[in-house]
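*Asks:* Submitted below is the structure of interest, expressed as structure tokens.
No lab work stands behind these numbers, since they all come straight from the coordinates. In this text the structure is predicted, and so the values were computed from the model without any measurement. Backbone-built Cβ (ideal geometry, glycine too); neighbour counts: all protein chains shown.
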Ligand code: IDP
Ligand code: MG
């Protein structure tokens with residue numbers, strides 16, 4: 001078993017889809033090991049997505065991620081990072097496979113309902129970003 005970080009993004013929380021997305025993730029076999037509701041400020045949203053700094057969509061992405069509450073969660077599964085990427089689908093919902101979270105619930109490439117870590121290394125960093133007590137939680 002391994003861990004990854006998901007974030008239900010402000011578009012999905014704001015439109016009342018968080019519960020359906022959580023049920024979808026549980027139905028896909030993920031176990032929720034930690035979860036909270038957070039409100040990111042500009043510095044936090046900018047730091048979380050620092051890898052994208054300089055890209056044309058960076059400012060829009062930071063503004064979007066601080067536009068409303070988000071729900072970060074630690075998910076556990078076999079090969080959690082790759083499994084979650086498959087479960088959420090492609091970045092752009094127009095290109096996401098049928099039955100994926102983004103195909104079902106995302107509005108657009110920018111407002112795409114959910115974040116998922118892209119490597120074990122980044123999962124560890126991103127879990128630490130939201131769950132500073134993750135060692136105490138046994139994660
Ligand atoms: P990912 O979330 O599928 O890993 P990344 O390429 O890491 O996709 O991009 C991070 C986030 O930035 C995306 O989830 C999306 O919200 C936003 N984003 C990426 N590309 C674009 C774009 O071309 N236009 C608008 N927003 C984008
Ligand atoms: Mg990414």
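*Asks:* Anything in the stretch 45-58 that is free of Cβ contacts under 8 Å to residues at least 60 places away in the same chain and either in a loop (DSSP other than H, G, I, E, B) or surrounded by 12 or more Cβ atoms within 10 Å (Cβ to Cβ) (or both)? List them, or say none.
*Replies:* Kept after step one, since they are free of Cβ contacts under 8 Å to residues at least 60 places away in the same chain, are these residues of the stretch 45-58: 45-46, 49-58.
Residues satisfying the conditions are 45, 46, 49, 52, 53, 54, 55, 56, 57, 58.
*Asks:* Being touching a helix residue (DSSP H, G or I) at 6+ places or on another chain (Cβ under 7 Å) and either without any contact (Cβ under 8 Å) to a residue 40 or more places away in the chain or in a helix (DSSP H, G or I) (or both) is the filter here; which residues of the stretch 67-82 pass it?
*Replies:* Residue satisfying the conditions is 81 alone.
*Asks:* Can you pull out every residue in the stretch 1-16 that is surrounded by 20 or more Cβ atoms within 10 Å (Cβ to Cβ) and assigned to a loop (DSSP other than H, G, I, E, B)?
*Replies:* 9
*Asks:* Any idea which residue in the stretch 2-54 is nearest to residue 107 (Cα to Cα), counting only those that are within 12 Å of ligand 1 (Cβ to nearest atom) and over 13 Å from the mean Cα position of the chain (by Cα)?
*Replies:* Filtering first and then ranking leaves 52.
*Asks:* Has the stretch 27-39 got at least one residue that is in a helix (DSSP H, G or I), on the phi < 0 side of the Ramachandran plot and away from ligand 2 (no atom under 15 Å from the Cβ)? Reasoning before the result, please.
*Replies:* Just the residues of the stretch 27-39 that are in a helix (DSSP H, G or I), to begin with: 27.
Retained after the next criterion (residues that are on the phi < 0 side of the Ramachandran plot): 27.
Checking the rest, the ones that are also away from ligand 2 (no atom under 15 Å from the Cβ) come to 27.
Within the stretch 27-39, one or more residues are in a helix (DSSP H, G or I), on the phi < 0 side of the Ramachandran plot and away from ligand 2 (no atom under 15 Å from the Cβ).
*Asks:* Using the structure shown, decide if residue 75 is under 16 Å from residue 131 (Cβ atoms), away from ligand 2 (no atom under 14 Å from the Cβ), crowded, with 20+ Cβ neighbours inside 10 Å and within 12 Å of the chain's Cα centre (by Cα). I'd like the intermediate steps shown before the answer.
*Replies:* Values: under 16 Å from residue 131 (Cβ atoms): yes; away from ligand 2 (no atom under 14 Å from the Cβ): yes; crowded, with 20+ Cβ neighbours inside 10 Å: yes; within 12 Å of the chain's Cα centre (by Cα): yes.
So residue 75 passes the test.
*Asks:* Looking at 85, 102, can you tell me which residue is without any contact (Cβ under 8 Å) to a residue 24 or more places away in the chain, under 22 Å from residue 24 (Cβ atoms) and either part of a helix (DSSP H, G or I) or out of contact with any helix residue (DSSP H, G or I) (no Cβ under 7 Å at 6 or more places or on another chain) (or both)?
*Replies:* Numbers: 85 fails: without any contact (Cβ under 8 Å) to a residue 24 or more places away in the chain.
Within the list 85, 102, the selection yields 102.
*Asks:* Taking the stretch 88-99, which residues are surrounded by 15 or more Cβ atoms within 10 Å (Cβ to Cβ), within 12 Å of ligand 2 (Cβ to nearest atom) and in a loop (DSSP other than H, G, I, E, B)?
*Replies:* Keep residues of the stretch 88-99 that are surrounded by 15 or more Cβ atoms within 10 Å (Cβ to Cβ), which gives 88-90, 93, 96.
Those left that are additionally within 12 Å of ligand 2 (Cβ to nearest atom): 88, 90.
If the condition is that a residue be surrounded by 15 or more Cβ atoms within 10 Å (Cβ to Cβ), within 12 Å of ligand 2 (Cβ to nearest atom) and in a loop (DSSP other than H, G, I, E, B), then 90 is the only one that fits.
*Asks:* Inspect the stretch 31-38 for any residue being within 22 Å of residue 102 (Cβ to Cβ), surrounded by 14 or more Cβ atoms within 10 Å (Cβ to Cβ) and touching a strand residue (DSSP E or B) at 6+ places or on another chain (Cβ under 8 Å) and give the result as yes or no.
*Replies:* yes
*Asks:* Anything in the stretch 111-133 that is assigned to a loop (DSSP other than H, G, I, E, B), more than 13 Å from ligand 2 (Cβ to nearest atom) and surrounded by fewer than 21 Cβ atoms within 10 Å (Cβ to Cβ)? List them, or say none.
*Replies:* Going residue by residue through the stretch 111-133, those that are assigned to a loop (DSSP other than H, G, I, E, B) are 111-113, 117-119, 131-133.
With more than 13 Å from ligand 2 (Cβ to nearest atom) added as a condition, the list becomes 111, 113, 131-133.
Those that are assigned to a loop (DSSP other than H, G, I, E, B), more than 13 Å from ligand 2 (Cβ to nearest atom) and surrounded by fewer than 21 Cβ atoms within 10 Å (Cβ to Cβ): 111, 131, 132, 133.
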